[in-house]
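Working notes for the structure below.
The values are calculated or read from the model by the stated rules, or taken from the named source; none is laboratory data. The shown structure was predicted, so the numbers you read here are calculated from the model rather than taken from an experiment. Here the Cβ positions follow ideal geometry from the backbone for every residue, glycine too, while neighbour counts run over all protein chains shown.
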Amino acid sequence: MKFDKYEYLQDLMRRRGFAWGSFEIYGGARGFYDYGPLGATIKRKIEKKIREAFIREGFFEIETPDITPEQVFIASGHVEKFVDPLVECKKCGARFRADHLIEETLGIDVEGKSAEEMTKIIREHNIRCPECGGELSDVWYFNLMFETYIGPYKDKKAYLRPETAQGIFVNFKRLNAFARNKLPFGVFQIGKAYRNEISPRQGMIRLREFTQAEVEIFFNPNETEHPHFDEVKDEVLRLYPIEHQLKDLGMIELTAEEAVKKGYVMNTFFAYYMVMIKRILLDIGIPEDKIRFRQQLPEERAHYSADTWDAEIYSERFGWVECVGLAYRTDYDLSRHMKMSGADLTVMIHYDKPKIVKKLNVTLNMKKVGPKLKEKVKEINEKLKSMSQEELRKLVEELNANGKVIIEGHELEKEDLIIKEVEEKIQGEKIVPHVLEPSFGIDRPFYLLLENSLTVDEDGRVYLKIKKDMAPIEVAVLPLVAKEPLTTIAYEIYRNLQKEGFIVVYDEKDSIGKRYMRYDEIGTPYCVTVDNQTPEDGTVTIRDRDTREQIRVKIEEVPRKLKELIFG
Ligand SMILES: Nc1ncnc2c1ncn2[C@@H]1O[C@H](COP(=O)(O)OP(=O)(O)OP(=O)(O)O)[C@@H](O)[C@H]1O
């Protein structure tokens, strides 16, 4: 029988305390997963690696609420646009993602099509309910946000956030002050996001509650050269650009520098963060050949994005899976929040040298119009003062063309106005920053790390070859047999390793072979065994999970040796 990695892993995850479907004793709830003791440890380690990498880039961490008032998501466009197409069986009532159903049945991509177009395709091809064969309803768009209310009356609508990003945008003013008005700067948060996915059928890949680590990097759109690009320019990226997807040209491998020079990646700012993402995934333990960057097709992009590259990880079961999105959100979010809230979310950009700009200055010629307009003078002058350069230019054009203009209901001729071009020194300007957003999911990389780590040896041994520093239990201390003095010595070593900061267990149950298997299966990289030689010469063996080789070391050497072996 062929070894089914997916089935094996599902069983292993449940049996050994990694992760399982939530609310098991009540029959479960699709799209929710619990992390058991081993899983929660790995998840934290993934988050730690991401957090440390972000901090190395100088980004600041914040924490904001999951429950968010409705206005925020009206402004962000999620109320209107965060929708998926839904279809219902008229007979059994089952509901499906209409685009997925069409894709699975006909093998065609319908991303971005309207509800009417999808309904037409369903009718034309007579697509029926996959569960009972019944007739399907028309397609409609369904908002993926979970709704709730704030307070005891149902008048203050709110949503569980579908992304952590908005918590950062709404705080922009304070964060900009914190960053002392100096672009670029990045702010991140690691927390839960909620999406009422229509048919979450792929285990941990599509959850209704999941964890994200998102950074919003605010930058000046006129400065898109990353200052540290030189440090990463030679890193090779595996790319699957739009053009290559449309023409079936396959993936290409280019250095970050080539990717920018050849025009595949917008600029060095973008490429720099692609390298950052790749290095984080490698650091988590995803093999390099299982990572690629795919550029989203325009119809796939989220409503706020002008360009998105997804870091995808390969799964034997699911193919390439999006795990990190790198979206160019432009000034979309800040501009929308500015409009909706009235807050000033601009940044003052100071020029290196003041700029001299020519400006039109239009005032009333008081000698001519003073007696004629009397008390209207003030009103007209204020109007002229409030006009933008663009409006003044138009006014002068009109005056030149017609010999007269109307301001605040008064007809004025050329000689009624004094028109001058003056030079002005400008020290800087206010801009709405643009945003580049690396958005990591944690749960998908968690599952894919386990899948890619599960290894079957030539002799049939199944074990978790997880990157050593990611192991949920780093060391197992085992007395060869459960007898004195071996047990006391082993327990002391265990206690000492705990104090040294290792995640370590002591285990004396079952034969030594069985115990080795037990720890190989959960990815414990080293077992320290206290055997009959230990009381004689104070040495123990350290067994390597992958090679199964053992070395002998002195007891006092054990912590240092393990640190070197596990953390390098
Ligand atoms: N339903 C989900 N379950 C688990 N993780 C998710 C889910 N939706 C998004 N993520 C994670 O959050 C990251 C960023 O979210 P983003 O909004 O870019 O995803 P998305 O493009 O909507 O994903 P998809 O197209 O698969 O629904 C994703 O790369 C993924 O790792």
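Would you confirm whether any residue within the stretch 289-309 is within 11 Å of the ligand (Cβ to nearest atom) and among the acidic types (Asp, Glu)? Yes, the stretch 289-309 has at least one match.
Within the stretch 295-310, being outside any strand (DSSP E or B) and of a type in the set (A, V, I, L, M, F, W, C) holds for Leu297, Ala302, Ala306.
For the stretch 402-461, name all the residues that are more than 16 Å from the ligand (Cβ to nearest atom) and surrounded by 19 or more Cβ atoms within 10 Å (Cβ to Cβ). Please lay out each step first, then the result.
Kept after step one, since they are more than 16 Å from the ligand (Cβ to nearest atom), are these residues of the stretch 402-461: 402-434, 453-461.
Correct list: Val405, Ile407, Leu412, Asp416, Leu417, Val432, Pro433, His434, Ser453, Leu454.
Output the strands (runs of 3 or more DSSP E) that fall wholly within the stretch 1-79 and possess 1 or more residues being under 21 Å from the mean Cα position of the chain (by Cα), or say none. Break it down stepwise before answering.
Values: elements: 19-21, 33-35, 67-69.
Because the criterion is at least 1 residues that are under 21 Å from the mean Cα position of the chain (by Cα), the strands (runs of 3 or more DSSP E) in the stretch 1-79 that meet it are 33-35, 67-69.
A Cβ distance below 7 Å, combined with a sequence gap of six or more or placement on separate chains, defines the contacts here; from the stretch 170-197, residues that are more than 30 Å from Pro85 (Cα to Cα) reach no residue that is outside any strand (DSSP E or B) and within 12 Å of the ligand (Cβ to nearest atom). Scoring Val170 on the criteria (1) over 30 Å from Lys430 (Cα atoms); (2) crowded, with 19+ Cβ neighbours inside 10 Å; (3) touching a helix residue (DSSP H, G or I) at 6+ places or on another chain (Cβ under 7 Å) leaves a single failure, condition (1). Per this entry, Arg161 is counted among residues that are within 30 Å of Pro445 (Cα to Cα) and touching a strand residue (DSSP E or B) at 6+ places or on another chain (Cβ under 8 Å).
Would you confirm, using the coordinates I've provided, whether Thr268 is at pLDDT below 95, more than 16 Å from the ligand (Cβ to nearest atom) and over 23 Å from Lys45 (Cβ atoms)? Talk me through it step by step, then tell me what you get.
On the way: at pLDDT below 95: no; more than 16 Å from the ligand (Cβ to nearest atom): yes; over 23 Å from Lys45 (Cβ atoms): yes.
No; evaluated as a whole, the condition is false for this residue.
Residues in the stretch 199-240 that are assigned to a loop (DSSP other than H, G, I, E, B) and of a type outside the set (A, V, I, L, M, F, W, C): 18 in all.
For every residue, the table says whether it meets (1) of a type outside the set (Asp, Glu); (2) over 30 Å from Ser76 (Cβ atoms); (3) more than 16 Å from the ligand (Cβ to nearest atom); (4) in a strand (DSSP E or B).
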{"position": "Tyr314", "(1), (2), (3), (4)": "yes, yes, no, yes"}
{"position": "Val321", "(1), (2), (3), (4)": "yes, no, no, yes"}
{"position": "Asp344", "(1), (2), (3), (4)": "no, no, yes, no"}
{"position": "Glu382", "(1), (2), (3), (4)": "no, yes, yes, no"}
{"position": "Arg393", "(1), (2), (3), (4)": "yes, yes, yes, no"}
{"position": "Glu397", "(1), (2), (3), (4)": "no, yes, yes, no"}
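When you scan the stretch 274-294, do you find a residue that is out of contact with any Cys (no Cβ under 8 Å at 6 or more places or on another chain), at pLDDT below 95 and assigned to a helix (DSSP H, G or I), even just one? No; the residues of the stretch 274-294 include none that is out of contact with any Cys (no Cβ under 8 Å at 6 or more places or on another chain), at pLDDT below 95 and assigned to a helix (DSSP H, G or I). Restricting Glu258, Glu253, Glu243 to those that are out of contact with any helix residue (DSSP H, G or I) (no Cβ under 8 Å at 6 or more places or on another chain), assigned to a strand (DSSP E or B) and either surrounded by fewer than 19 Cβ atoms within 10 Å (Cβ to Cβ) or β-branched (Val, Ile, Thr) (or both) reduces the list to Glu253. Highlighted here would be strands (runs of 3 or more DSSP E) found entirely within the stretch 481-547 that include at least 3 residues which are within 39 Å of the chain's Cα centre (by Cα), in contact (Cβ under 8 Å) with a residue 60 or more places away in the chain and at negative phi, but there are none.
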